[in-house]
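Worksheet: one structure, shown below.
The values are calculated or read from the model by the stated rules, or taken from the named source; none is laboratory data. A quick note: this is a predicted structure, and the numbers were derived from the prediction, not measured. For neighbour counting, all protein chains shown are included, and Cβ atoms are generated from backbone atoms with ideal geometry for every residue, glycine included.
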Amino acid sequence: MPLNDQQQARLEKIRELRAQGVDPYPPRSSRTLAAADAVTRFVEVEPHLGGQPDPEPVTVAGRVVSIRDMGGSVFSHIRDGSGSIQLFLRRDTLGAEQLAWFKRYVDLNDFVEADGHLFRTRSGEISLQVTALRLLSKAINPPPDKWHGLTDVETRYRQRYVDLMTNPATRQVFVTRALVIRAIRRYLDERGFLEVETPTLQPVYGGAAARPFTTYYHALDQTFYLRISDELYLKRLIVGGYDRVYEICKDFRNEGIDARHNPEFTMLEFYVAYADYYDIMKMCEELIVFTAQEALGTLLLSWGPHMIDLTPPWPRISFREALLRYTGIDFLTVTDQPTLYRLARELGADVRPDTVWPRILDELLKTFVRPELIQPTFVYDYPVALSPLAKRKPEDPRLVERFQLFVGGLELANAYTELNDPLDQFYRFLEQARDRMRGDEEAMPIDEDYINALMYGMPPTGGFGLGIDRLIMLFTNRQTIREVILFPQLRSKPEPLGLTEDLQPYLDLVPGIHDPLAGEDFPVEANSG
RNA sequence: GGGCUGGUAGCUCAACUGGCAGAGCAGCGGACUUUUAAUCCGCGGGCUGUGGGUUCGAGUCCCACCCGGCCUACCA
């Protein structure tokens with residue numbers, strides 16, 4: 001597929017510029033003010049100017065995002081990271097030759113810098129009366145539709161750079177994302193937490209129920225796994241004597257991709273010695289409220305058709321009550337699988353005759369409870385079989401001290417009083433091993449070293465995990481996790497963009513290259529992105 | 001994995017029951033010295049996702065495949 005007419009025209013302009021001795025990609029800019037700062041400056045000095053342009057020369061720079069050619073004058077907006085400013089290129093000011101040069105060689109998407117004087121146009125827009133203009137970087141690809149922007153979802157994800165340069169809303173999502181993560185760090189740092197880094201490549205995976213990605217470590221001649229969780233490492237650090245640790249990291253789960261799941265996602269986990277799950281619940285509430293205030297400045301969130309109010313305290317409902325309320329089933333009295341299965345089927349839950357008892361409970365929670373929990377809600381005290389790393393409730397060993405936070409129908413956080421009894425932990429691992437033998441690929445393998453760590457003694461500890469991506473979804477009102485991940489996972493395209501072939505005729509435009517390699521018959525292979 | 005749905009110009013989208021593949025923006029040429037999606041005149045631009053098939057004739061119908069989206073399943 002050859003380059004299109006617009007790309008060819010722009011490459012020809014590069015050829016002409018090179019021939020004129022103009023570098024289309026100079027190494028430096030001499031910008032003196034960001035676009036937004038230039039506007040601010042003019043607002044400040046304007047009262048003293050008596051309607052005249054600011055006599056102080058300034059230089060602004062940015063991407064050309066619009067050009068309106070009026071003949072003897074041209075209006076053009078340029079945009080940098082701070083914002084945008086209008087350039088006014090006037091034949092009388094710039095000179096006929098420079099104006100013609102601009103019209104001939106500058107296209108949308110190019111980066112330019114302009115010297116000139118700030119002033120206000122008749123229609124009231126603060127602009128730069130341009131006295132000189134230089135090309136900073138020549139763009140070969142034109143921008144998408146100036147009014148609709150780029151809307152094709154696939155292209156938006158595959159070529160996120162185009163999405164970002166076109167759609168301000170997309171840029172804002174990732175600004176919010178950064179603010180959220182910054183606020184989380186601040187909250188934890190101010191409370192004496194130690195930020196740590198634990199292995200991404202793990203010889204034994206654990207801390208969650210999921211299929212891992214597998215890789216091979218040549219130097220060690222051994223199979224490794226990309227972490228599905230950092231939980232077991234962080235608790236080793238509690239054993240080691242740190243009282244408060246946290247890590248924000250990518251976890252990897254080799255599972256389906258949908259609106260709430262990306263195989264590679266960002267998780268916050270923190271652990272607090274001498275705390276239990278009630279303490280953690282309180283911190284969870286504080287952390288999310290703090291983060292919303294810092295990143296959004298409000299506790300009221302639009303979420304699809306709903307308004308979510310994060311004002312604490314958030315309601316707490318036990319797993320048992322929740323199930324009772326939304327399904328009428330009391331799981332503490334329905335302890336046999338066949339009866340639970342029958343009741344679940346009567347409610348219309350998608351369970352099979354061989355679905356094990358705890359999985360049916362989980363299915364009921366997901367189907368009937370979770371979608372109802374739009375306002376922030378803690379569900380607590382889970383059945384032990386669903387939670388192999390959580391401590392049992394002393395007054396009822398069928399339950400564990402665990403809670404999950406649901407907001408907007410999303411499972412946002414998961415926490416428990418950590419199981420620190422090495423023998424009980426060993427027993428839970430054995431149960432997992434049994435499930436594994438029965439074909440549950442997601443059951444955890446036994447981690448002997450972790451048991452060994454617990455055998456050295458771990459203080460009573462509360463632990464917490466938060467899905468950062470889902471929190472960002474909630475804060476930015478995005479219903480798809482892909483919208484809050486810069487480069488979400490997509491299947492590779494079978495045919496590449498074709499640039500490897502198409503660009504070869506233009507290699508002579510690279511300065512200093514006398515032997516362009518293009519004539520050599522090397523295989524045309526490219527990443528498809 | 002299953003169901004539904006989509007892929008047409010650089011971008012956003014049309015094209016009835018199978019009958020000459022179109023528009024807007026962008027581009028190219030021209031006019032215009034305060035515009036704001038500038039305006040006006042003119043002109044180019046297509047492997048209709050890929051490969052087969054049916055037909056006098058396929059963007060349209062059939063089959064297979066590729067890549068998306070939604071739902072579902074899986075994801076304690």
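Just checking, does segment A:390-405 include any residue being within 32 Å of the chain's Cα centre (by Cα), more than 11 Å from RNA strand B (Cβ to nearest atom) and more than 23 Å from A:GLN432 (Cβ to Cβ)? Scanning segment A:390-405, I find at least one residue that is within 32 Å of the chain's Cα centre (by Cα), more than 11 Å from RNA strand B (Cβ to nearest atom) and more than 23 Å from A:GLN432 (Cβ to Cβ), so the answer is yes. Inspect segment A:318-332 for any residue being in a strand (DSSP E or B), touching a strand residue (DSSP E or B) at 6+ places or on another chain (Cβ under 9 Å) and farther than 26 Å from A:ALA259 by Cα and give the result as yes or no. Yes, segment A:318-332 has at least one match. Scanning segment A:308-321 for residues that are more than 16 Å from A:ARG398 (Cβ to Cβ) and of a type outside the set (Asp, Glu) turns up A:ILE308, A:LEU310, A:THR311, A:PRO312, A:PRO313, A:TRP314, A:PRO315, A:ARG316, A:ILE317. Of all residues in segment A:348-370, those that are free of Cβ contacts under 8 Å to residues at least 24 places away in the same chain and under 20 Å from A:GLU321 (Cα atoms) have Cβ atoms under 8 Å from Cβ atoms of residues that are buried (at least 17 other Cβ atoms within 10 Å of the Cβ) and among the aromatic types (Phe, Trp, Tyr), 6 or more apart or on another chain, in A:ALA349/A:PHE368; A:ILE360/A:TYR341. Residues in segment A:56-99 that are in contact with a Lys or Arg (Cβ under 9 Å, 6 or more places away or on another chain) and loosely packed, with under 15 Cβ neighbours inside 10 Å: A:GLU56, A:ASP69, A:GLY71, A:GLY72.
If you check A:LYS250, A:LYS235 for being more than 24 Å from the chain's Cα centre (by Cα) and in the same structural domain as A:LEU405 (by TED's automatic domain parsing), only one passes: A:LYS235. If you check A:THR214 against the conditions, is it in the same structural domain as A:THR480 (by TED's automatic domain parsing), surrounded by fewer than 18 Cβ atoms within 10 Å (Cβ to Cβ) and closer than 30 Å to A:ILE446 by Cβ? Criteria met by A:THR214. State whether one or more residues within segment A:193-209 are over 27 Å from A:ILE485 (Cβ atoms), surrounded by fewer than 19 Cβ atoms within 10 Å (Cβ to Cβ), free of Cβ contacts under 8 Å to residues at least 40 places away in the same chain and among the β-branched types (Val, Ile, Thr). No: segment A:193-209 contains no residue that is over 27 Å from A:ILE485 (Cβ atoms), surrounded by fewer than 19 Cβ atoms within 10 Å (Cβ to Cβ), free of Cβ contacts under 8 Å to residues at least 40 places away in the same chain and among the β-branched types (Val, Ile, Thr). Residues in segment A:250-294 that are touching a residue at least 24 places away in the same chain (Cβ under 8 Å) and among the small types (Gly, Ala, Ser): A:ALA259, A:ALA273, A:ALA275, A:ALA292. Within segment A:368-385, is there a residue that is closer than 17 Å to A:GLY328 by Cα, modelled with pLDDT under 90 and crowded, with 17+ Cβ neighbours inside 10 Å? Yes, that holds for at least one residue.
Within segment A:465-498, the residues that satisfy the criterion of being within 13 Å of RNA strand B (Cβ to nearest atom), of a type in the set (A, V, I, L, M) and over 25 Å from A:PHE403 (Cα atoms) are A:VAL484, A:ILE485, A:LEU490, A:LEU497.
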